[in-house]
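Below you'll find the structure, written out as structure tokens, and then a few comments.
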Amino acid sequence: MRALTLVADRKLELQDVPPPQPPGDGEVQIRVKAVALNHLDLWGFRGMAFAKRQMPLVVGVEASGEIAATGPGVNGFRPGQKVVMYGGLTCGVCKACREGRDNLCEKVAGIMGFHVDGFARDLLNMSARLVIPVLENVADRDAACAPIAFATVEHMLFDNAKLQPGETILVQAGGSGIGTVAIKMAKALGCTVITTVGDDAKAEKARALGADHVINYKSERFETITRKLTNKKGVDVVFEHVGGEGFNGSLLVLKRGGRLVTCGSTAGPSIQFNLMQLFQQQYKIFGSFGATMANIRASLAKMAKGMTPVIDLEVPLAEFERGLARLESRQVFGKVVVTF
Ligand SMILES: [Zn+2]
């Protein structure tokens, strides 16, 4: 069977490897159907200094598949059933796990596709505890975007920022994978959505997704426009994942007591910001990483009701690297999916 393997930083090889053993106690065997790409894949591909990992490493952090076989003691799954997988190898027994706060597991053994072997292979065995059923009417390529893209946004907007109907939200980089999801989820809730994009073609697409106001941040200052759009009051929530110089602008457009939630820093990980502004304006800043299994279930339920991800590009497994280049190019609008 095939396994797409990182053999050194920035060096991927499509290898022919033996298939896994039959699934063990409490395990299922999964036939992978689609892998969706994320910035986490880019970090992994480039080689992040802080990540403890051993190469060769099977890549792919987010995927959908179907049950190929079930091991002893597994109930509730049948061969052919569509599934997605939770890619964080949580312990399942610590306080955080018991309380359903999976992404705060105290003994997580790694993130699949980043620290340990991931999903870009034809077959794999994993604990049935980390496998989530998918309704038949959800396409494989869409389901592949549930565990990270959809669930991360679900976690950011609802668990962290506690976005409410009728609120105004600024979605930074609305053309990105998670940006497009954030626009859709916030609109579905009945919010006013302001979003930033880097070119006019993306602006059109963001409007088509339902964004109420789209700002091309290359030709206009989003801080000025956002304050104008909100009668100088500012927005209730900022959805951040860009970081860098724009982060202070994101704080500036929050109303007093507003919430900023962030899960990324693609434009740079370090900034200076004003602590007086933080406490005087009573801002709430949430760092968010990953999602819970409940967030994935909620995401899949939204997909089953018709909220599908925006797919920018589909590539076959052998062209994973072309997909990564597309993701890195900033031309991308929505998700890049690798099909099997
Ligand atoms: Zn745990």
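The values are calculated or read from the model by the stated rules, or taken from the named source; none is laboratory data. Since the structure is predicted, the reported quantities are computational estimates derived from the model, not experimental observations. Note that we place each Cβ from the backbone using ideal geometry, even for glycine, and neighbour counts take in every protein chain shown. Note: accessible area is taken over every heavy atom of the protein model, side chains too, but ligands, DNA and RNA are not part of it. Shrake-Rupley method; radii C 1.70, N 1.55, O 1.52, S 1.80 Å.
Summary of computed values
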{"quantity": "Residue ranges of strands (runs of 3 or more DSSP E) in region 282-340 with at least 3 members open to solvent by 10 Å² or more (accessible area, probe 1.4 Å)", "calculated": "284-287, 311-316"}
{"quantity": "Residue identified as touching a Gly at 6+ places or on another chain (Cβ under 8 Å), modelled with pLDDT of 95 or more and surrounded by fewer than 19 Cβ atoms within 10 Å (Cβ to Cβ) among R53, R2, R31, R10", "calculated": "R31"}
{"quantity": "Residues of region 266-279 classified as in a helix (DSSP H, G or I) and open to solvent by 80 Å² or more (accessible area, probe 1.4 Å), total", "calculated": "3"}
{"quantity": "Residue match in region 243-265 (condition: in a strand (DSSP E or B), open to solvent by 40 Å² or more (accessible area, probe 1.4 Å) and modelled with pLDDT of 95 or more)", "calculated": "yes"}
{"quantity": "Scan of region 175-192 for residues that are part of a loop (DSSP other than H, G, I, E, B) and among the small types (G, A, S), ordered by number", "calculated": "G175, S176, G190"}
{"quantity": "Residue tally, condition outside any strand (DSSP E or B), open to solvent by 30 Å² or more (accessible area, probe 1.4 Å), away from the ligand (no atom under 16 Å from the Cβ) and in contact with a helix residue (DSSP H, G or I) (Cβ under 8 Å, 6 or more places away or on another chain), over region 60-90", "calculated": "2"}
{"quantity": "Considering residues of region 96-107 that are more than 7 Å from the ligand (Cβ to nearest atom) and outside any loop (DSSP other than H, G, I, E, B) only, the residue surrounded by the fewest Cβ atoms within 10 Å (Cβ to Cβ)", "calculated": "R98"}
{"quantity": "Top-ranked residue of region 108-126 - restricted to ones that are small (G, A, S) and open to solvent by less than 30 Å² (accessible area, probe 1.4 Å), ranked as farthest from the ligand (Cβ to nearest atom)", "calculated": "A120"}
{"quantity": "Filtered residues of region 248-271 (kept if of a type in the set (S, T, N, Q) and under 20 Å from the mean Cα position of the chain (by Cα))", "calculated": "T262, S265, T266"}
{"quantity": "Failed condition for V93, given (1) of a type outside the set (D, E); (2) more than 7 Å from the ligand (Cβ to nearest atom); (3) open to solvent by 80 Å² or more (accessible area, probe 1.4 Å); (4) modelled with pLDDT of 95 or more", "calculated": "(2)"}
